[in-house]
Structure formats: structure tokens, C-alpha cells
Ligand SMILES: [Zn+2]
Ligand SMILES: [Zn+2]
């Protein structure tokens, strides 16, 4: 299990402690153990199948980040993460088990709904926060096999993130990554300007 100081850092990075972050932290722990330490550069690539809270735990702990280009999002809506080591291609997929976040809790769902539509009282907000905290702590302490299935996988190595040159959009004049530019009658356009021009 990660130490309190690292946990504090992850919570600070994400903004709050929640079950999603806790699940991301546990997935990151597996990656650090099986694939390699915090990535300084692109030596490890993460392919994440969600864009929810857990991804922040992964970015913070593994050093696989969107900004560095060694985190790839596949919009599958799953609590599942693949990590690939560039040096030898070793790869694992870590997939969340059913009920990894704990059994459904009708009271908590009810409170969550109230929070969502803005009708929760301060007392109810507090109760929900406490329940969240309890659930998160349980995830942080649970045996890994209750949370995740881990398997070695064979995957094609993702390409290195590359620096592309920018081209100025002929409509809004903003420099735009060359690979995103679309041509309309020979004029280079950025994606939103292209959409506007053809619609
Ligand atoms: Zn969260
Ligand atoms: Zn433009």
C-alpha cells in the first residue's frame, strides 16, 4: 500500500479523496510493481479505458500523463488500464472486477442524487463525504485480487509522441498542429474553422 505522504500528494493533485481515485491508485501500484518505476520520459505508456477520477491517480503515481503523450485514452467507459514497457514490450492489462468499489449502498446513492440536484442539506453532505471516505479507505486497503484482474497481454507498441510543426489556420490565424489541419479548396483550416466552413 502507498504511504500517507504519497496519498496526500495524489489527493492534492486530484482535488479530493474518492473511490475512483482510490481505484486508480491501486491500479498504479500494480503497474509500478510489474512494469517499472515512475516514468520520467516515455519508457512506460498507459492506455486508459476511462477518463474518470482514477486516471488522475495513474498520472500522479506512474508518470504516464496526457501532456507527455504516454497516456492514451480509449473511451470505453471501463475501469481498465494497460501498461506497456518500451524497453522489452512487456505489457499488462489491469481490469476492474465487478463491485470493486464495494457493494451498492442505497442510502449513499440517495444522498448522491440529492447532492446532484442540489437538495442535500449540510448534514447530508457531511454524511455522504464520510461514506465516500470510508469506501475510499476500504479500496486502499483491500487485497488487490478483490479489486482487479491482471493479465499479461501482447499489444502493438504505441508510437512515440512526436513534436509536429504548426500551420497557421487561414481563417482564425491560430497556429495549429499540422496533423489536425484540414484543407478546404487548398486553404489550411483548424478543426473548428473547418467544421464551420463546411456546415
Ligand atoms: Zn474524484
Ligand atoms: Zn481556425
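The values are calculated or read from the model by the stated rules, or taken from the named source; none is laboratory data. Fair warning: this is a prediction, and the values are worked out from it, not measured in the lab. Every residue, glycine among them, receives a Cβ derived from its backbone with ideal geometry; neighbour counts consider all protein chains shown.
For the stretch 155-177, enumerate the residues that are out of contact with any helix residue (DSSP H, G or I) (no Cβ under 6 Å at 6 or more places or on another chain) and either farther than 24 Å from residue 74 by Cβ or surrounded by 12 or more Cβ atoms within 10 Å (Cβ to Cβ) (or both). Across the stretch 155-177, the qualifying residues are 155, 158, 161, 166, 168, 170, 173, 174, 175, 176, 177.
Answer yes if at least one residue in the stretch 83-99 is under 9 Å from the mean Cα position of the chain (by Cα) and either at pLDDT 95 or above or farther than 24 Å from residue 6 by Cα (or both), and no otherwise. Even if it seems obvious, please write down each step before you answer.
Pass one, the stretch 83-99, residues under 9 Å from the mean Cα position of the chain (by Cα): none.
For the stretch 83-99, residues under 9 Å from the mean Cα position of the chain (by Cα) and either at pLDDT 95 or above or farther than 24 Å from residue 6 by Cα (or both): absent.
Candidates are the residues of the stretch 9-21 that are in a helix (DSSP H, G or I) and near ligand 1 (Cβ under 9 Å from one of its atoms); the one that is surrounded by the most Cβ atoms within 10 Å (Cβ to Cβ) is 21. For the stretch 45-67, the criterion of a residue being surrounded by 14 or more Cβ atoms within 10 Å (Cβ to Cβ) and more than 28 Å from residue 133 (Cα to Cα) is satisfied by at least one position. For residues that are in a strand (DSSP E or B) and in contact with a helix residue (DSSP H, G or I) (Cβ under 7 Å, 6 or more places away or on another chain), tally how many sit in the stretch 35-61. Number satisfying all stated conditions: 3.
Table: residues versus (1) over 25 Å from residue 17 (Cβ atoms); (2) in the same structural domain as residue 19 (by TED's automatic domain parsing); (3) touching a residue at least 40 places away in the same chain (Cβ under 8 Å).
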site: 60; (1), (2), (3): no, yes, yes
site: 63; (1), (2), (3): no, yes, no
site: 71; (1), (2), (3): no, yes, no
site: 74; (1), (2), (3): yes, yes, no
site: 80; (1), (2), (3): no, yes, no
site: 88; (1), (2), (3): yes, yes, no
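Quick one: is residue 134 free of Cβ contacts under 8 Å to residues at least 24 places away in the same chain, assigned by TED's automatic domain parsing to the domain that holds residue 58 and within 19 Å of residue 26 (Cβ to Cβ)? Explain how you work it out, then say what you get.
Working: free of Cβ contacts under 8 Å to residues at least 24 places away in the same chain: yes; assigned by TED's automatic domain parsing to the domain that holds residue 58: yes; within 19 Å of residue 26 (Cβ to Cβ): yes.
Answer is yes for this residue.
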